[in-house]
Amino acid sequence: MPFRIQHAQDERQIDQVFRLRHQVFCQEEGLLHAEGAQQHLLDKYDAYPSSRLFVALDDADRVIGSVRVTLDNPAGMPADDYFDFRTHAPQNSRFMSVGMLCVAKAHRSAMVANGLLMMCGYFALAKQVDYICVPLNPMLGGVLQRIGAKQLTEDLQAAPNVKEGFLPYLLNVEDMHETYAEFARQNITHNMIESFECMLFEEGEQIIQKDAVGDCAYLIVNGSVAVMHPATSQPLVALSEGDVFGELALFSSDNLRTADVFASSMTRVMVLPKRALLEHIKTSPEAGLNLLSVMSQRMKSVFHHGIGDDAIAAQHSGITL
């Protein structure tokens with residue numbers, strides 16, 4: 001099933017994050033001390049403007065995973081409470097702390113965890129971070145080392161709220177594994193509105209459904225998609241990395257999609273919300289011209305495949321993806 005990764009957007013999602021942390025770290029793994037009957041796990045850094053909660057959501061919009069990133073700031077970051085990471089990097093380096101990575105047991109797969117970590121890498125590069133600091137459960141150290149992080153000590157470190165100790169890992173973003181670095185570069189290159197919201201689809205999964213209301217467009221970061229002919233349901237257009245689709249529905253009167261779109265391979269897309277996309281076009285006329293060019297090419301494809309003027313008029317704007 002496809003899942004979405006985005007910045008936690010409302011109180012409901014944030015509450016689910018705090019509950020998931022408690023469930024994973026205190027009840028299931030026994031890694032952190034729970035205080036009384038409290039069923040939420042949070043700390044002061046969750047209130048900092050420099051922190052951001054990324055969440056993985058299932059198809060029912062339930063939080064199934066989360067991670068917190070905190071940019072360096074005058075009040076400090078979570079990693080500072082655990083280890084002196086700063087002495088292991090050049091002076092004046094820009095740091096970011098990553099922590100509270102958790103995934104619900106029923107969804108504990110490499111795909112969800114990797115998706116959250118890839119978003120952390122993208123966020124770090126977009127914010128021009130030099131080093132990522134991660135105090136981590138030793139059982140997960142291998143994951144970070146495969147990404148490119150270095151373990152700073154062989155000895156388990158102690159902290160008041162950690163039951164079994166942790167190991168400190170430091171990632172120089174220049175050493176980030178190519179898979180993660182390429183994901184970040186693709187987003188920075190193509191993602192004109194700097195969206196930090198993505199979705200992952202396996203081959204054959206449907207991304208857009210005909211007749212559904214469209215409230216966003218999509219940017220392909222990795223993989224490819226097939227746009228189906230609205231009349232024959234045969235493949236009409238093949239799109240790949242850097243292509244935007246789904247934008248036409250945002251400009252039609254009813255916002256309805258009139259073509260199905262499927263993932264042709266394992267595909268990762270960034271989500272471009274309607275409000276943010278329209279605001280970007282308003283402030284950047286060049287972006288609007290680029291989108292008009294894309295829409296024009298789509299219309300030419302429709303005519304080339306035999307849909308006449310009457311059909312186009314009936315469908316408001318051709319293929320309203």
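The values are calculated or read from the model by the stated rules, or taken from the named source; none is laboratory data. Values in this document were obtained by computation on a predicted structure and should not be read as measured data. In this analysis, Cβ positions are derived from the backbone assuming ideal geometry, glycine residues included, and neighbour counts consider all displayed protein chains. Side chains included, ligands, DNA and RNA excluded: accessible areas come from the protein's heavy atoms. Shrake-Rupley method; radii C 1.70, N 1.55, O 1.52, S 1.80 Å.
Descriptive notes on the structure:
- Where a label projected 7 Å from the Cα of Asp10 along Cα→Cβ would reach, residues of region 209-247 with amide N under 16 Å: 215
- Contour excess over end-to-end distance, with Cα ends at Gln27 and His177 and 0.36 nm allotted per residue: 50.7 nm
- Extension reserve of the Ala158-Arg275 stretch, reckoned as 0.36 nm per residue once the Cα distance is removed: 37.5 nm
- Mean shadow area of region 46-187 over all directions, Cα convex hull, nm²: 9.1
- In the full protein context, region 93-177 carries 45 Å² of accessible surface per residue, based on a 1.4 Å probe and ignoring ligands, DNA and RNA.
- Two-site FRET efficiency, Asn255 against Glu203, from Cβ-Cβ distance with R₀ of 25 Å, rounded to 0.05: 0.35
- Heavy-atom accessible surface of region 169-221: percent carbon and sulfur, 1.4 Å: 42
- Potential extension, Thr189-Met266 segment - 0.36 nm per residue separation minus Cα distance: 25.7 nm
- Set Lys127/Lys282; Lys210/Lys282; Lys127/Lys274 screened for pairs whose C-alpha atoms are more than 26 Å apart: Lys210/Lys282
- For trypsin sites (Lys or Arg not before Pro), the sites in region 88-124 that DSSP calls loop and that have at most 16 other Cβ atoms within 10 Å are Arg94, Arg108.
- Computed over the alpha-carbon atoms, region 1-106 gives an Rg to Rh ratio of 1.00, Rh here being the Kirkwood radius from the mean inverse distance.
- Inter-probe distance in nm under a simple model that places probes 7 Å from Cα toward Cβ, at Gln128 and Arg19: 4.1
- Cα gyration tensor shape for region 206-254, rounded if a/c is under 1.5, else prolate or oblate: oblate
- Modelled label positions at Val213 and Leu42, each set 7 Å beyond Cα in the direction of Cβ, lie 2.9 nm from each other.
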